[in-house]
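Data first, discussion second: the structure below is written as structure tokens.
The values are calculated or read from the model by the stated rules, or taken from the named source; none is laboratory data. This one's a predicted model, so the numbers in the text were calculated from it and none came from an experiment. Positions of Cβ are backbone-derived with ideal geometry, glycine not excepted, and every protein chain shown enters the neighbour counts. Just so you know, the surface numbers come from the protein's heavy atoms only, side chains and all, with ligands and any DNA or RNA stripped out. Shrake-Rupley method; radii C 1.70, N 1.55, O 1.52, S 1.80 Å.
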Amino acid sequence: MKKALLFLLSAAFCVAAAAQVDQGRDLSKYADDKFGIDDQYTVATPYETVTVSPVKSKKVKNVILLIGDGMGLEQISVGWVLNGGRLNMDNFRVTGGSRTYAADKLITDSSAGGTAIAAGEKTRCGYIGVDENGNPVESLLHYAQRKGKKTGVVVSCRINDATPADFVCHSDDRHKEADIAAQYVGSGVDFISGGGRQFWEGRKDGRNLIEEMKALGYTFVDTDEELKQVHEGKLLGLFAPLDMPPVLDRGPILEDSAEKALELLDNRKGFFLMVEGSQIDDWGHRHKVGHVAEELFEFDRIVGKVLQWAEKDGHTLVIVTADHATGGLTLIDGSIEDRTVKVHFSTKGHNGIVVPVFAYGPHAEDFAGVYENAELSAKIRRLIK
Ligand SMILES: [Zn+2]
């Protein structure tokens, strides 16, 4: 009897776990991690940062939008201390603040936060690229397409997860990921890189979206080595069944994808590229400051590469921001010299503080001040010509 009960209980648990995997982040690997035990971190070897000079041009040809999911000023400050008092983000001379609240909630989720940044419309939590009433709204990416620019999205989460989907897709439910994935087909996005492969093949509707994309002329890759060999055309990279593993396990795939995007998207009419440091958020939810820092470091290394590229190009606007902060992270002790921090987390969810906007390149000064996340989007849109 006892055995049967145990079996039933574990079967029920498995169903619950499967449902969780299907609907959101793959937390299964970290299920035995206890919240609240990783509040200290020390970095042995800091990475080198770059220095760039301001550009003189007033012409915006390319826009690169770098979003740290769940990256508030505290996350950045923690990373800055741990890297010995320097980050590539130190290069920005123009800073602003973005208010992140959603249409229906003070504390936003990623889908409403991302929709506001992508489309200039505050909407309800759970909504992807649609307004409060569920009507589709045009993202900066699609607007840039209409202006004849190439476009790209590069993330380390599922490509059909909230933030990237906000730029490409429309849905009144972020959990309808199979539908959302299918919207990439025919979206015309030139460069797509992330995780979430299980929503693209082996689908209930029998469609194989990877094959459909290949038929549309996309080169498909699923390893870093393959990615590096592509030098032209449209690219679809799906590097994990769900979210990619933590940065220390997955390697520099996000960095390499961002660099490859710059190579493939650069063209006479310009491009719009969104890169997300997706997992800064995940580790804020799980109260793992070390993982938060490592994800932020990779994001900041991408910022460094993008800034160097933009400096050389001269006509590229670079914006760094976040959709919200996560975890109620507070830096309470540490040492810049010893590259160590002690922090406190106050919530397992997001928190409602104004998040930073950093700007570099032509018209960077337009982004000073404190404004709504939707206004950030409008500011960028005005500069896409
Ligand atoms: Zn988010």
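Key figures
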| item | result |
| --- | --- |
| Contact order relative to length of segment 230-385, as percent, for alpha carbon pairs under 8 angstrom and 6 or more apart | 18 percent |
| Computed magnitude of the charge dipole of segment 39-383 (debye, nearest 20; Cβ of K, R +1, Cβ of D, E -1) | 1080 debye |
| Segment 303-385: GluC sites (Glu not before Pro) in DSSP coil with no more than 11 other Cβ atoms inside 10 Å | Glu337 |
| Accessible solvent surface per residue of segment 152-219, calculated while the other protein chains remain in place, 1.4 angstrom probe, Å² | 33 Å² |
| Rg to Rh quotient for segment 269-385, alpha carbon positions, Kirkwood Rh | 1.01 |
| Residues in segment 219-248 that a label on Glu201 would reach, taking backbone N under 14 Å of a point 7 Å out along Cα→Cβ | 219-223, 236-242 |
| Residue range of the chain that is longest and free of chymotrypsin sites (Phe, Trp or Tyr not before Pro) which are both DSSP loop and sparsely packed (at most 16 other C-beta within 10 Å) | 48-385 |
| The chain - percent of accessible surface contributed by carbon and sulfur, probe 1.4 Å | 53 percent |
| In segment 272-361, trypsin sites (Lys or Arg not before Pro) in a DSSP loop with at most 16 other beta-carbon atoms within 10 Å | Lys348 |
| For Asp243, solvent-accessible area (1.4 Å; no DNA, RNA or ligand), Å² | 20 Å² |
| Stokes-Einstein diffusion coefficient of segment 167-250, Kirkwood radius over Cα pairs, 4 °C, 1.567 mPa s, in µm²/s | 96 µm²/s |
| Axial C-alpha extent at least 30 Å, average Kyte-Doolittle at least 0.5 - helices from the chain (DSSP) | 2-23 |
| Within segment 165-179: backbone nitrogen closer than 20 Å to the Asn133 label point (7 Å, Cα to C-beta) | 170-173 |
| Rg/Rh for segment 103-183, where both radii come from Cα atoms and Rh is the Kirkwood radius | 0.95 |
| Under-5 Å amide H pairs with Thr219, H placed in peptide plane, nonlocal only | Lys234, Leu235, Leu236 |
| Local electrostatic count, Tyr371, Cβ distance below 10 Å [Lys/Arg +1, Asp/Glu -1] | 0 |
| Area of Val247 that stays accessible when all protein chains are in place (1.4 Å probe, Å², to 10) | 20 Å² |
| Relative contact order, percent, the chain [alpha-carbon distance under 8 Å, six or more residues apart] | 31 percent |
| Inverse of mean 1/r across different Cα pairs in the chain, Kirkwood, Å | 20.9 Å |
| Label point distance in nm, Lys147-Lys348, each placed 7 Å from Cα along Cα→Cβ | 4.3 nm |
| Area accessible to solvent at His142, 1.4 Å probe radius, in Å² | 40 Å² |
